[in-house]
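Below is one structure, written out as structure tokens; the observations come after it.
The values are calculated or read from the model by the stated rules, or taken from the named source; none is laboratory data. Keep in mind it's a predicted model, so treat the numbers as computed, not measured. Cβ sites come from the backbone with ideal geometry, for glycine too, and all protein chains shown count toward neighbours. To get the accessible areas, we keep the full protein, side chains included, count just its heavy atoms, and leave off ligands, DNA and RNA. Shrake-Rupley method; radii C 1.70, N 1.55, O 1.52, S 1.80 Å.
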Amino acid sequence: MELQLDRLSKQFGNAIAVDRVSASFSPGVYGLLGANGAGKTTLMRMICDVLKPTSGCVRWNGTPIERLGADYRDCLGYLPQDFGYYPDFTAIDFMLYLSALKGLAPRAARRRSYELLDLVGLRSVAKRKVRTFSGGMKQRLGIAQAVINDPAVLVLDEPTAGLDPKERVRFRNLISSLAQDKVVILSTHIVSDVEYIASQILVMRSGSIIATGTVEEIVQGVSGCVWECVVPPREADAMAARMTVGNLHYDHDGMAVVRLVSDARPHDGARPVAPTLEDVYLYLFEERSGDAQEQAAPRRYSADRRARKEAHHG
């Protein structure tokens, strides 16, 4: 069971949304991590055959998906970023409607629908109208409908956007429970969504995949670039204005404890600390304003960058 992306590209006019992306997916959870506008949704829509690529192709078990047609869609589950629902449908009516579209027999559809509503914690509200649901409940219903046909490929586009922390944790645990023997691709700009459940991380920036690997492998790309220092509050404000600060808090003496990412030692008293996936995100997707943003080239991410830095410092 393998999903392959072969030099997949999508161009809208002069804008390149996805630029020659190649990747291979076998059963497991894959986190597609990138800032808004990185090209994640466009890539997901091409994987789901909703959007045709400008060039390249998607292959399922070696066969291009355009040749497979309905056979590919039968093994696909998709939760888009803007999940549409019929507000006056009850949850069970909605599930039965989607089951009919997927071609499930009525008796099997009812049994499967109630099983999934139970799994996502909505069995007790199965006969309530969807318009009365909270955002988290609607997203759980979205997951249930996405797996109604027990898909081999499950694609989730920004599935936790707008959810509170408790719902986000519940959602992650639900994905983990559904991920056995499936290719699960979850796109997000929220690091915690994929940090603990993804077996592989793909970092996407400006339409390209710039890093792949386990969380441990990805964070090694910024080893030696994450620092912590204790400075007076005024100095902390100055550092935040010109550097990428990931965290700042004050100790009992009123001094500021600053965690930041920087290629060079940011302060004489700074000490290197172990990086996290959030540090990688901050390093790669640093936000700058005004002329500084226009003039700044994107930071590079590679193992040899770290080697060159170590050689430079001796």
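Set side by side, the residues Ala198, Ala241 differ, and just one is at negative phi and open to solvent by less than 20 Å² (accessible area, probe 1.4 Å), which is Ala198.
Consider the range 99-129 and keep the residues that are buried (at least 19 other Cβ atoms within 10 Å of the Cβ) and under 24 Å from Asn173 (Cβ atoms). The one that is nearest to the chain's Cα centre (by Cα) is Val120. Taking the stated definitions as given, is Gly254 at pLDDT 90 or above and more than 22 Å from the chain's Cα centre (by Cα)? Spelling it out, it is not the case that Gly254 is at pLDDT 90 or above and more than 22 Å from the chain's Cα centre (by Cα).
Is one or more of the residues making up the range 101-119 of a type outside the set (Lys, Arg), under 20 Å from Cys48 (Cβ atoms) and part of a loop (DSSP other than H, G, I, E, B)? Yes, that holds for at least one residue. Among the residues of the range 163-210, those that are touching a residue at least 60 places away in the same chain (Cβ under 8 Å), in a loop (DSSP other than H, G, I, E, B) and within 17 Å of Thr41 (Cβ to Cβ) comprise His189, Ser206, Gly207. Yes or no: the range 14-21 includes at least one residue that is without any contact (Cβ under 8 Å) to a residue 12 or more places away in the chain, open to solvent by 40 Å² or more (accessible area, probe 1.4 Å) and more than 29 Å from Gly135 (Cβ to Cβ). Within the range 14-21, one or more residues are without any contact (Cβ under 8 Å) to a residue 12 or more places away in the chain, open to solvent by 40 Å² or more (accessible area, probe 1.4 Å) and more than 29 Å from Gly135 (Cβ to Cβ).
Considering the range 151-162, the residues that are assigned to a loop (DSSP other than H, G, I, E, B) and modelled with pLDDT of 90 or more include one that is least open to solvent (accessible area, probe 1.4 Å), namely Pro151. Taking the criterion of being at pLDDT 90 or above and either surrounded by fewer than 18 Cβ atoms within 10 Å (Cβ to Cβ) or closer than 10 Å to Ile148 by Cα (or both), the residues of the range 77-98 that qualify are Gly77, Asp88, Phe89, Thr90, Asp93, Met95, Leu96, Tyr97, Leu98. Scanning the range 144-162 for residues that are more than 17 Å from Leu33 (Cβ to Cβ) and among the hydrophobic types (A, V, I, L, M, F, W, C) yields Ala144, Ala146, Val147, Ile148, Ala152, Val153, Leu154. Just a yes or no: is a residue in the range 221-232 open to solvent by 50 Å² or more (accessible area, probe 1.4 Å), part of a helix (DSSP H, G or I) and closer than 24 Å to His189 by Cβ? No, the range 221-232 contains no residue that is open to solvent by 50 Å² or more (accessible area, probe 1.4 Å), part of a helix (DSSP H, G or I) and closer than 24 Å to His189 by Cβ. For the residues Ala264, Ala211, Ala236, the requirement of being more than 30 Å from Gly77 (Cβ to Cβ) and buried (at least 18 other Cβ atoms within 10 Å of the Cβ) singles out Ala236. In the range 137-150, is there at least one residue being more than 27 Å from the chain's Cα centre (by Cα) and surrounded by fewer than 20 Cβ atoms within 10 Å (Cβ to Cβ)? There is no residue in the range 137-150 that is more than 27 Å from the chain's Cα centre (by Cα) and surrounded by fewer than 20 Cβ atoms within 10 Å (Cβ to Cβ). Comparison of Val280, Val258 shows that the only residue that is under 22 Å from Asp193 (Cβ atoms), out of contact with any His (no Cβ under 7 Å at 6 or more places or on another chain) and crowded, with 19+ Cβ neighbours inside 10 Å is Val280.
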